[in-house]
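Here the structure is laid out as structure tokens; the discussion comes afterwards.
The values are calculated or read from the model by the stated rules, or taken from the named source; none is laboratory data. Not measured: the values here are computed from a predicted model. Every residue, glycine as well, gets a Cβ built from its backbone with ideal geometry; the counts of neighbours run over all protein chains shown. Just so you know, the surface numbers come from the protein's heavy atoms only, side chains and all, with ligands and any DNA or RNA stripped out. Shrake-Rupley method; radii C 1.70, N 1.55, O 1.52, S 1.80 Å.
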Amino acid sequence: MLRPHIMFSSFFNCLLLFFFLLFSLVLGDKAFTGTYGVNYGRIADNLPPPESVVTLLKAAKIKNIRIYDADHQVLRAFKGSGIEIVVGIGNEFLTDMSVGEDRAMSWVKENVQQFLPGTKIRGIAVGNEILGGTDKNLWEVLLPAAKNVYNALSKLGLAKNVQVSSPHSEAVFANSFPPSSCTFKEDILPYMKPLLQFFSHIGTPFFINAYPFLAYKSDPQHIDLNYALFEKNPGIYDAKTKLHYGNMFEAQVDAAYAALEKVGFEKMEVIVSETGWASHGDDDEAGATVKNARTYNLNLRKRLLKKKGTPYRPKKVVKAYIFALFNENSKPGPTSERNFGLFKADGSIAYDIGFTGLVPSSATSSFLSFKGTRTSYVLALTSLVAFVL
């Protein structure tokens, strides 16, 4: 017969194990690994093949990426890499996805389930920058589409490991300066609040695309460039919260927290789904230079490496996906849109912030060579510095 203290000890250990497993199932597998991720956009006709991109990302120790579709070649290439991926459902599919759960089920089976568990798909972004956009029909279908995708994941037993989200632009806010004054636009609230209620229920953070570059470009006469670039500057003071901000990035994140708080979601986490700085632009695109892009992205990496919160949410570690991995030569719009990449189309670095790059196979024999599906690349050590996040 077991002694009472042994029985209690066994029971206590079992209880601890139960809660550990429960915590791991609910939170662990969906966690953002570290604090740094990158958006892998592919609107270009001259990029390295996905197999080469895997090698590039692993050399750079980047563990989180987002793609804007669910391209099967990409998902196959990332099998076994350990890199966590958020796939995307394009805006053009949302109406169809909202009509019935069967269509969402077909999409999830075809584009997510069949690649698990080898490819670490950790999330599905349902649309991008829908609310605040010009197509108000999509405002109506966003929530039912997101619900149908989540329900499909649930029925397949995947909802604990694959998160459903939808990134927003700054256009959802009526104002964001100072950060404490930030509110959602009145015409967006009827759509935003139910969406936030749903995401709160399933444990999804608020994803925001935050670009100090775009803010500076729109008003270079009144915005301190150093404030936008994380460089030394007087900063701003928020009189309501009595908080000082030394950079715009943190102010934008806290503005989102303030807006969420005002509509009753003060506990919801904010994650930056896109941020970056263009290295080239048109004559009227202030600040779009290689120097500024390098400064912003280098300082942002250093900031994220600290694994700290913001002035308003000091205990919420800031996490961000950088836009973007590559320059994309087929993107429409101003020149800046094609020049957000940390890497050029040939895989070489756009500027040095401590990453490695790809160079043509004609390079010296001291480089590490590997094959891609379209061409052959080698990995060149362009820097000895590597930030491990």
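Within segment 113-159, the set of residues being assigned to a loop (DSSP other than H, G, I, E, B) and closer than 15 Å to Gly90 by Cα comprises Gly127, Asn128, Glu129, Ile130, Leu131, Gly133, Asp135.
Taking the condition at pLDDT 95 or above, farther than 30 Å from Pro220 by Cβ and either touching a Phe, Trp or Tyr at 6+ places or on another chain (Cβ under 6 Å) or surrounded by fewer than 19 Cβ atoms within 10 Å (Cβ to Cβ) (or both), does Gly264 pass? Give the derivation first.
Values: at pLDDT 95 or above: yes; farther than 30 Å from Pro220 by Cβ: yes; either touching a Phe, Trp or Tyr at 6+ places or on another chain (Cβ under 6 Å) or surrounded by fewer than 19 Cβ atoms within 10 Å (Cβ to Cβ) (or both): yes.
Yes.
Could you tell me whether Leu57 is closer than 22 Å to Lys120 by Cα, part of a helix (DSSP H, G or I) and at pLDDT 90 or above?
On the way: closer than 22 Å to Lys120 by Cα: yes; part of a helix (DSSP H, G or I): yes; at pLDDT 90 or above: yes.
Here the answer is yes, as Leu57 does meet what is asked.
Go through (1) in contact with a helix residue (DSSP H, G or I) (Cβ under 9 Å, 6 or more places away or on another chain); (2) buried (at least 16 other Cβ atoms within 10 Å of the Cβ); (3) closer than 30 Å to Tyr227 by Cβ for Leu195 and report which single condition fails. Of the numbered conditions (1) in contact with a helix residue (DSSP H, G or I) (Cβ under 9 Å, 6 or more places away or on another chain); (2) buried (at least 16 other Cβ atoms within 10 Å of the Cβ); (3) closer than 30 Å to Tyr227 by Cβ, the odd one out for Leu195 is (3). In the condition set (1) at pLDDT below 95; (2) over 21 Å from the mean Cα position of the chain (by Cα), Ile349 is compliant with all but (2). Only residues that are part of a loop (DSSP other than H, G, I, E, B), at pLDDT 95 or above and either hydroxyl-bearing (Ser, Thr, Tyr) or under 28 Å from Leu305 (Cα atoms) (or both) were counted in segment 26-46, giving 3.
When restricted to residues that are assigned to a helix (DSSP H, G or I), under 21 Å from Gly203 (Cβ atoms) and not small (Gly, Ala, Ser), segment 98-112 contains 2.
Kindly check whether there is at least one residue in segment 81-89 that is modelled with pLDDT of 95 or more, closer than 22 Å to Arg338 by Cβ and not aliphatic (A, V, I, L, M). Within segment 81-89, one or more residues are modelled with pLDDT of 95 or more, closer than 22 Å to Arg338 by Cβ and not aliphatic (A, V, I, L, M).
Ala293 meets the conditions (1) at pLDDT 90 or above; (2) of a type in the set (Gly, Ala, Ser); (3) within 27 Å of Arg76 (Cβ to Cβ); (4) in contact with a Ser or Thr (Cβ under 8 Å, 6 or more places away or on another chain) in every case but one. The failed one is (3). Of all residues in segment 38-75, those that are touching a strand residue (DSSP E or B) at 6+ places or on another chain (Cβ under 9 Å), of a type in the set (D, E, K, R) and free of Cβ contacts under 8 Å to residues at least 60 places away in the same chain total 2.
I'm trying to understand the selection: among the residues of segment 286-303, which are open to solvent by 30 Å² or more (accessible area, probe 1.4 Å) and touching an Asp or Glu at 6+ places or on another chain (Cβ under 8 Å)? Arg294, the sole residue that qualifies.
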